[in-house]
1. Give me the pairs: first residue in region C:137-156 and closer than 27 Å to C:Gly50 by Cα, second residue part of a loop (DSSP other than H, G, I, E, B) and among the basic types (Lys, Arg), beta-carbon distance under 8 Å, and six or more apart or on different chains, which are they?
2. Taking the condition surrounded by 12 or more Cβ atoms within 10 Å (Cβ to Cβ) and hydroxyl-bearing (Ser, Thr, Tyr), does A:Ser52 pass?
3. Does region A:7-57 hold any residues that are touching a Ser or Thr at 6+ places or on another chain (Cβ under 9 Å), within 25 Å of D:Arg133 (Cα to Cα) and in a strand (DSSP E or B), and which are they?
4. Show the residue pairs that are 6+ apart or on different chains and have beta-carbon atoms under 7 Å apart, the first residue being within region D:77-102 and on the phi > 0 side of the Ramachandran plot, the second being among the small types (Gly, Ala, Ser).
5. Any residue at all in region D:123-137 that's surrounded by 22 or more Cβ atoms within 10 Å (Cβ to Cβ) and more than 10 Å from every other protein chain (Cβ to nearest Cβ)?
6. Regarding D:Val120, is this residue within 12 Å of chain A (Cβ to nearest Cβ), buried (at least 24 other Cβ atoms within 10 Å of the Cβ), modelled with pLDDT of 95 or more and outside any strand (DSSP E or B)?
7. Pull up region D:89-101, narrow it to residues that are within 9 Å of another protein chain (Cβ to nearest Cβ) and assigned to a strand (DSSP E or B), then point me to the one that is surrounded by the most Cβ atoms within 10 Å (Cβ to Cβ).
8. Output the residue which, of all residues in region B:45-65 that are touching a residue at least 12 places away in the same chain (Cβ under 8 Å) and farther than 21 Å from C:Met64 by Cα, is nearest to the other protein chains (Cβ to nearest Cβ).
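The values are calculated or read from the model by the stated rules, or taken from the named source; none is laboratory data. Note that this is a predicted model, so its numbers are computed, not measured. Quick reminder, even Gly has a Cβ in these numbers, built from the backbone with ideal geometry, and neighbours come from all protein chains shown.
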Amino acid sequence: MPGTINVLYFARLRDKIGLEAESVDLPDHVHTVGDLLRLIETRSDAHGDAFSDRASIRAAIDQQHAGLDAELGSAREVAFFPPMTGG
Amino acid sequence: MPGTINVLYFARLRDKIGLEAESVDLPDHVHTVGDLLRLIETRSDAHGDAFSDRASIRAAIDQQHAGLDAELGSAREVAFFPPMTGG
Amino acid sequence: MNEIIVQVDEMAPDGAALTARLTDAPDTEAGTNMGTGAVATFLGICRGEGGKLEALELQHYPGMAEAQLERIARQTLSSTGATAIAIHHRHGRVLPGEPIVAVVATSPHRKAAIEAVDTVMDYLKTDAPFWKRERWANGETSWVDAKPSDDAARAARADKH
Amino acid sequence: MNEIIVQVDEMAPDGAALTARLTDAPDTEAGTNMGTGAVATFLGICRGEGGKLEALELQHYPGMAEAQLERIARQTLSSTGATAIAIHHRHGRVLPGEPIVAVVATSPHRKAAIEAVDTVMDYLKTDAPFWKRERWANGETSWVDAKPSDDAARAARADKH
């Protein structure tokens, strides 16, 4: 597992956190997308607010849809966002 | 009822009869599209051949779909043709 | 106001041109109130049948053809909730790869526009006075037979609406 | 060979241009074997909401957007039997009346092309990483919420295929 990972935010999450992306150092106990989420939401009140409505959080690992229980493995990029509204 | 009516043929019927249209004098006993058909098919062997497969004959009165039992009324134009193949 | 455009001639139907006429019209609901959220288009193309077909020749009933397209469009507007429908049906000689018919429908939301285009095509197969003759590369010609499945689809529409 | 075209940029999607790219390609089955009998097109348009909307602003996930459109097109080709699919999805600022997305599908017969366009649109709603924000004439902005009905339609597709 790499020591750091690039985390991207979109839509409401980007607005609340005020960042498009940030680099996050991964402690050893972070294995899944859900672990990463619980790590990130403690970074600031804004982060906490952004992730407070768990039901509306979706994620992708290396640009593929992923559930919160998905293993990060050797992922280089994880994105968090609300449900998509394309089309 | 007018004394004469313009009769149009399309597709296979036109090919067999060899005419796009002809004017037909209407005897008093011709009231419906079916009456007209039975009158026309006696005009020549070609006419008889064109109308021999009754199941594949469709008709229109003044450019509106009509069944064989439809009254000619004051119609000026009747068309005979096989089932349509548009689209 | 609903809007209907029908066109019957020997020109190749052009979906984009039809769409422009439907949506750019300055005094139609589709054009000016900006309520249109969906434009569905269908183009029917002459298949080459693996190189064996030289051309389709479409005979039509002038006058009745235009009247039937208009009737089909009007019926479909009321049954689907589409806001505008355009139909351009060609007659005469059509080469493989060339369009035979273009149908465009607009609506606020997707389903009505797609359903309208599909419905118009079902009706065209059975109710529009056009007859297709295939001219084969080997010199033979044959009238295309109507498909029982077309009548069934047409009947299903009539039952539903 | 099946053919897929995807395009993600700030340009207005153009159904006719996409169709030309799909059907004129010299080395695709859709273009050269003359087997294409049907071209269905769908254009999603920004509604003006009765003059209250100033613009839609579409945020997207670069890279993933293109990959997802490609995946959706590939999946839909195999589930519907369409022979070629093109998707052009816009991001950035879109004014009322302007197109957001264009989808084109070709097939030998009508049903597969229409079904393909409808299927792609269902998947785009839930699987394509775009997020719409409404900018209102009164200065307010609001992110568009995903519709439960979109998830239901998406799930129905997944069940069926």
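1. Matching pairs, first to second residue: C:Ala137/C:Lys52; C:Asn138/C:Lys52.
2. Numbers: surrounded by 12 or more Cβ atoms within 10 Å (Cβ to Cβ): no; hydroxyl-bearing (Ser, Thr, Tyr): yes.
Taking the combined requirement at face value, the residue does not satisfy it.
3. A:Val7
4. Filtered contacts from region D:77-102: D:Gly81/D:Ser107; D:Gly81/D:Ala112; D:Gly97/D:Gly48.
5. Scanning region D:123-137 turns up no residue that is surrounded by 22 or more Cβ atoms within 10 Å (Cβ to Cβ) and more than 10 Å from every other protein chain (Cβ to nearest Cβ).
6. For D:Val120, the condition - within 12 Å of chain A (Cβ to nearest Cβ), buried (at least 24 other Cβ atoms within 10 Å of the Cβ), modelled with pLDDT of 95 or more and outside any strand (DSSP E or B) - is met.
7. D:His89
8. Residue satisfying both the conditions and the ranking: B:Ala50.
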